[in-house]
Each structure stands twice: as structure tokens, then as C-alpha cells.
1. For Ser45, tell me the accessible area in Å² from a 1.4 Å probe, rounded to the nearest 10.
2. Would you kindly derive the ³J(HN,Hα) couplings of region 60-71 from the backbone phi angles with the Karplus curve 6.51 cos²θ - 1.76 cosθ + 1.60 (θ = phi - 60°), listing them in order in whole Hz, with x for Gly and Pro?
3. Find out how many positive minus negative residues lie around Ala67, taking Lys and Arg as positive, Asp and Glu as negative, among other residues whose Cβ is under 14 Å from that of Ala67.
4. Set the Förster radius R0 to 22 Å, insert the Cβ-Cβ distance between Ala91 and Leu15 as r into 1/(1 + (r/R0)^6), and round the FRET efficiency to 0.05.
Amino acid sequence: RPHRISFPSPKLGALATLDHSMWFHGPFDADDWLLYDMHAPFAGSGRALCFGHLYRPDTGQLVASCAQQGVLRLAKPTLKNKAALFAMRGAGLLDRLRAAALGWTSGGERGAGATDSSASH
């Protein structure tokens, strides 16, 4: 999350493609898997520029290239957006609190100080 916002997120407002292009370099079957390599040399001020290359998995041949420029706007703060964000964060926090109360570690095992309340004394 280099931009501090996950997708999807109630913090996101409008997303749109400003322009995009594709160039085909060789034959391929669109029903087969292709390797898609993408990089974004610029992302800032609400815009991003991305380039991608598609390769055949059997030969490694470059079969298509693409470029896309997009725009992103943050959502205006509203009570509904804040509630959705709180719910997303709260669900993760609630899971961590439950695990801590049960003495579970992050690896899914009981912690050293945990006791089993169902054991007979």
C-alpha cells in the first residue's frame, strides 16, 4: 500500500481512465494465460501513468504492450464514509481482541500464559 489506501476503500471517490492504448506484436490465444508485467513510472496529484507488457507463458514472447493514464479522486468526507471506514477497521480490531482474550498467538496457537477454562480441576 504505497499510497496508504487499499482498494476497495470508502476513502476512494471517482476512478476513471483518461486514455489508454494497446499494441499487438505477435500471435497469441486470448483463451490462454498470459504473463502481465506492469509498472507505473508516475503516480501523483490524483493521476497515474501505467505501462504493461503481456508475454506468452510457453515461449516468453512479448505479444502486446499497453499504456494507460487514470485519474483518482478521494471521496468527500461524509458520515456514511466514516462509518464504513470505522466498520472495516473495527472488524480487524475485534478479531485481534477476541484472539487476545482467548490467548491465541498470531500464528493460531495458544500462548504460553493461556489457560483452558474447560479443563477439569
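The values are calculated or read from the model by the stated rules, or taken from the named source; none is laboratory data. Computed from a predicted structure; not experimentally measured. Don't worry about glycine lacking a Cβ; one is built from the backbone with ideal geometry, like all the others, and counts go over all protein chains shown. Side chains included, ligands, DNA and RNA excluded: accessible areas come from the protein's heavy atoms. Shrake-Rupley method; radii C 1.70, N 1.55, O 1.52, S 1.80 Å.
1. Ignoring ligands and nucleic acids, Ser45 comes out at about 120 Å².
2. x, 5, 5, 10, 7, 10, 8, 9, 8, 10, x, 10
3. -1
4. 0.40
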